[in-house]
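Enquirer: Here it is: the structure, laid out below.
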Amino acid sequence: MNRDRSRAEAPAAAQELPFQHRARKRFGQNFLHDAQVIDRIVRAIRPAPGQTVIEIGPGQGALTTPLLTACGALTVIEIDRDLAGQLRQRHAGEPAFTLVEGDVLDQDFAAMAAGLGNLRIVGNLPYNISTPLLFHLLKQRAFIHDMVFMLQREVVERLAAAPDSEAYGRLSVMMQYHCAVEPLFNVPPGAFTPAPKVDSAVVRLTPHRPSPFPPVDEGLFGKLVKAAFSQRRKTLRNTLKPLFPAPRLEQLPVDLQQRAETLGVSDYVRLAGILEQCGPVE
Ligand code: SAM
């Protein structure tokens with residue numbers, strides 16, 4: 001991924017917004033303007049005083065102001081220097097407001113949670129980085145109480161998908177292994193400026209505590225799920241062959257003629273446990 005995201009943007013990709021800000025496509029900028037949708041998201045978050053709330057991508061502050069009012073303290077992470085500057089000015093002298101200017105993918109949430117307790121992370125996310133961002137957050141889930149995000153509707157469907165559906169894949173298995181996934185409501189393109197080309201949806205992700213699954217080596221679990229879904233049309237015999245010694249492969253407690261989307265999260269957990277016992281295959 002190109003982590004050196006410059007501020008420069010081609011005029012063709014920019015649209016006029018209040019405060020003379022030009023929406024930057026490269027930062028996934030679609031700003032919420034619909035007061036009812038904003039209110040519904042804030043009510044879904046249910047912010048309360050004393051909680052440690054982090055907003056990813058505050059932009060022009062559509063969610064920021066109501067969140068700050070409700071929880072009394074808020075940290076926001078914004079990559080766009082112009083928007084960060086506007087927010088800094090607007091909230092100057094408010095000790096309850098903390099602005100981190102930078103890339104959310106570089107943030108160490110463990111350090112943010114230190115001494116404060118587990119984090120509530122929220123935001124209308126930049127859709128162009130949503131998958132790497134979700135994986136970045138999963139790695140730091142030990143420090144996260146819950147997350148409420150606006151995402152592309154198609155991504156929310158993938159997060160919540162059940163086996164044997166088209167939307168079910170690596171993202172579904174990895175997220176559902178670590179979190180309870182609760183799709184909340186859909187949001188049409190007209191709620192944003194500029195309007196995105198896709199529908200959006202709000203989802204709540206709550207890291208399991210305790211996990212309903214037996215513990216497995218997470219590295220092996222991730223490797224297994226990645227391999228299984230690497231070629232969706234291939235059978236499990238083909239996709240899992242590189243991971244298991246040949247005799248062990250044939251003894252796996254699954255139908256190897258099936259494809260990856262037929263297995264549930266607990267099946268993958270069971271296979272990861274067997275993989276752990278087998279040791280690495282060269
Ligand atoms: N919260 C605002 C709203 O709802 O109107 C803006 C949402 S907009 C979809 C996404 C925001 O995330 C933008 O403000 C954008 O500049 C910011 N952003 C994009 N990439 C980012 C990154 N890597 N780190 C932090 N913020 C980012």
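The values are calculated or read from the model by the stated rules, or taken from the named source; none is laboratory data. Everything quoted here is computed from the prediction, not taken from an experiment. In this analysis, Cβ positions are derived from the backbone assuming ideal geometry, glycine residues included, and neighbour counts consider all displayed protein chains. SASA here: full protein model, heavy atoms, side chains in, ligands and nucleic acids out. Shrake-Rupley method; radii C 1.70, N 1.55, O 1.52, S 1.80 Å.
Enquirer: Can you give the FRET efficiency for Glu182 and Lys241, using 1/(1 + (r/R0)^6), R0 = 30 Å, r = Cβ-Cβ distance, to the nearest 0.05?
Expert: The computed FRET efficiency comes out at 0.25.
Enquirer: For the charge dipole of the chain, defined by +1 on Lys and Arg C-beta atoms and -1 on Asp and Glu C-beta atoms about the Cα centroid, which residue among Val225, His208, Phe143 has the Cα displaced farthest towards the positive pole?
Expert: Val225
Enquirer: Now a separate question. Given a 1.4 angstrom probe, what's the average accessible area per residue across segment 221-282, in square angstrom?
Expert: In whole numbers, segment 221-282 has 53 Å² accessible per residue.
Enquirer: Also, I was wondering about something else. Using 0.36 nm per residue, how much length does the chain from Asp199 to Thr262 gain when fully extended, once their Cα-Cα distance is taken away? All intermediate terms of the calculation are to be shown ahead of the outcome.
Expert: Numbers: separation 63, 0.36 × 63 = 22.68 nm, distance 2.73 nm.
Length gained, Asp199 through Thr262: 19.9 nm.
Enquirer: Which one, Ile77, Pro253, Pro95, projects farthest toward the positive side of the charge dipole computed for the chain from Cβ point charges (K/R +1, D/E -1)?
Expert: Pro253
Enquirer: Oh, and also: Taking the Cα centre of segment 12-207 as origin, work out the dipole magnitude from +1 charges on Lys and Arg Cβ and -1 charges on Asp and Glu Cβ, in debye rounded to 20.
Expert: That gives segment 12-207 a dipole magnitude of about 40 debye.
Enquirer: Label 7 Å along Cα→Cβ of Asp34; segment 49-92 residues with amide nitrogen under 17 Å?
Expert: Answer for this model: 62-63.
Enquirer: Is it possible to state the helix-based mean residue ellipticity at 222 nm for the chain, with each DSSP H run of 4+ residues giving -39500 (n - 2.57), the sum divided by total residues, to the nearest 500 deg cm²/dmol? What is it?
Expert: -10000 deg cm²/dmol
Enquirer: For a protection proxy built on the mean count of beta-carbon atoms within 10 angstrom, sort 245-252, 81-88, 148-155, 124-131 highest first, please.
Expert: By packing density, highest mean first, the sequence is 148-155, 124-131, 81-88, 245-252.
Enquirer: Moving to a separate point now. Restricting to Cα pairs below 8 Å that are 6+ residues apart, what does the relative contact order work out to for the chain? Please round to a whole percent.
Expert: 15
Enquirer: Here's a follow-up. At 0.36 nm per residue, and after removing the present C-alpha to C-alpha distance, how many nm does the segment from Gln251 to Arg233 gain when stretched out fully?
Expert: Length gained, Gln251 through Arg233: 4.3 nm.
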